[in-house]
Amino acid sequence: MDLKELKVGTQCIQGGYQPKSGEPRVMPIVQSTTYKYDTADEVAALFDLEANTPMYTRLG
């Protein structure tokens, strides 16, 4: 389908994304973030479970 044939609202939503065969019709929403730490030692203490700070992560 040619993007120019679509209404403006649809063009905005599609953003020029043209899926190939087997790809998702719309781009998936990915809810993720990164976290700021002041030092590598602070992060090491978190992963070594030495810090008394809540932490949630998925590794793998």
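The values are calculated or read from the model by the stated rules, or taken from the named source; none is laboratory data. Quick caveat: nothing in here was measured; it's all calculated off a predicted structure. Using ideal geometry, Cβ is built from the backbone for each residue, glycine included, and neighbour counts are taken over all protein chains shown.
Assorted remarks:
- When we screen Met55, Met27 for residues that are among the hydrophobic types (A, V, I, L, M, F, W, C) and in contact with a Gly (Cβ under 9 Å, 6 or more places away or on another chain), the only hit is Met27.
- Test: residue in the range 33-52 that is part of a loop (DSSP other than H, G, I, E, B) and in contact with an Asp or Glu (Cβ under 9 Å, 6 or more places away or on another chain): yes
- Evaluation of Arg58 against the conditions (1) over 24 Å from the mean Cα position of the chain (by Cα); (2) among the charged types (D, E, K, R); (3) at pLDDT below 85 shows that the sole unmet condition is (1).
- Within the range 6-40, tally of residues that are among the acidic types (Asp, Glu) and within 30 Å of Met55 (Cα to Cα): 1
- Matching residues, the range 38-55, being of a type outside the set (A, V, I, L, M, F, W, C) and at pLDDT 90 or above: Asp38, Thr39, Asp41, Glu42, Asp48, Glu50
- Selection from the range 14-32 of residues that are under 14 Å from Asp2 (Cα atoms) and either in contact (Cβ under 8 Å) with a residue 24 or more places away in the chain or surrounded by 11 or more Cβ atoms within 10 Å (Cβ to Cβ) (or both): Gln14, Tyr17, Pro19
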